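Notes to accompany the following structure.
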Amino acid sequence: MIDVTEKTIDIDKILESKMGARKKYVPRPLVAWLKHIVHQDEVNDFLWRSKDKTGVEWLEECVSYLDMTLKIHGAENLPATDDGRLYTFVSNHPLGGQDGVALGAIIGRHYDGRFRYLVNDLLMNLPGLAPLCIPINKTGNQSRNFPAMVEQGFKSDNHMLMFPAGICSRRHNGTIRDIAWKKTFITKSVEYQRDIVPIHFSGRNSDFFYRLANFSDKYVRKVNIAMLFLADEMYKNVHKTFDVTIGKPIPWQTFDKSRTPAQWAQYVKDIVYDLQQTHQ
């Protein structure tokens, strides 16, 4: 985990670490544009002002900073904090940032911080968030450790919060929806006898983002160019209201041999999107 400074996010240093001496060939206007699109100054200002907060307290500070109004439906479906059981919470991933922050704040407050995210290790660069994370980088050096990190999370005495799509939602044929959900949350929830709590989070990114994401997915598959714009999308979504709909826990025994784990993952995904219908 990195230390918070007044310049925690430093595009110049990131480029130098990735490119070395070749960094001098990057045009200055491009560097300035990168700083603008990732909102370097605004993010650094927030990280510096919130440097004394970590975990759930930091997540709640983010919710306040982004001026998010969260309308929670089905709060009674959150399992009791004293039932002695552990759960897997799964959600669609429409925004790529604010949804994770908001759900972490809700679940973290309800369970007094006893939950963990499975997240891309880039987010470990956010010191306030890092204590709640089990870092995942399936395309980098940590890819070989992915199964071990998942195992670590499910073996712990923490609830798990997962976005099984892995990346934020895409738009196809006019419909904004997650890509196929990975089956890991099914197999591990069954192995460790955790009921699954489905959650739907409302919201969307800009038309520009969906066009770029579709282009990137089709033509530049090895690099998720759209991810570069997630900070910009986050700032476009400030001052907005989001519906958070929590469904009834699904017993782990549901996921038997009558379907494959991938089919059960689709089954839960369908339940999540059915929750959306109640607030349209």
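Given the structure, is PRO164 of a type outside the set (A, V, I, L, M), part of a loop (DSSP other than H, G, I, E, B) and in contact with a strand residue (DSSP E or B) (Cβ under 8 Å, 6 or more places away or on another chain)?
Yes.
Between LYS13, LYS7, LYS53, LYS71, which is of a type in the set (Lys, Arg), open to solvent by 70 Å² or more (accessible area, probe 1.4 Å) and part of a loop (DSSP other than H, G, I, E, B)?
That would be LYS7, the only listed residue that is of a type in the set (Lys, Arg), open to solvent by 70 Å² or more (accessible area, probe 1.4 Å) and part of a loop (DSSP other than H, G, I, E, B).
In the stretch 45-55, how many residues are within 14 Å of ASP10 (Cβ to Cβ) and within 20 Å of the chain's Cα centre (by Cα)? If you could, list the steps in order and put the result at the bottom.
Of the residues in the stretch 45-55, the ones within 14 Å of ASP10 (Cβ to Cβ) are 45, 47-48.
In the following step, the residues that additionally are within 20 Å of the chain's Cα centre (by Cα) were identified as 47.
Looking only at that region, the number is 1.
Results for (1) in a loop (DSSP other than H, G, I, E, B); (2) open to solvent by 40 Å² or more (accessible area, probe 1.4 Å); (3) at pLDDT 95 or above, shown as yes or no for each residue.
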position	(1), (2), (3)
ASP67	yes, yes, yes
VAL101	no, no, no
ILE106	no, no, yes
LEU118	no, no, no
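Name every residue in the stretch 238-274 that is crowded, with 19+ Cβ neighbours inside 10 Å and either modelled with pLDDT under 95 or of a type in the set (Val, Ile, Thr) (or both), in order of residue number.
Correct list: VAL244, THR245, ILE246, ILE250, VAL268, VAL272.
Results for (1) part of a helix (DSSP H, G or I); (2) touching a His at 6+ places or on another chain (Cβ under 9 Å); (3) among the β-branched types (Val, Ile, Thr), shown as yes or no for each residue.
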residue: ASN205; (1), (2), (3): no, no, no
residue: ALA231; (1), (2), (3): yes, yes, no
residue: LYS257; (1), (2), (3): no, no, no
residue: ALA262; (1), (2), (3): yes, no, no
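Please work out if GLN277 is modelled with pLDDT under 95, part of a helix (DSSP H, G or I), open to solvent by 60 Å² or more (accessible area, probe 1.4 Å) and not hydrophobic (A, V, I, L, M, F, W, C).
yes
The values are calculated or read from the model by the stated rules, or taken from the named source; none is laboratory data. The structure displayed is predicted, hence computed values, not measured ones. Backbone-built Cβ (ideal geometry, glycine too); neighbour counts: all protein chains shown. Accessible surface areas use protein heavy atoms only, side chains included; no ligands, DNA or RNA. Shrake-Rupley method; radii C 1.70, N 1.55, O 1.52, S 1.80 Å.
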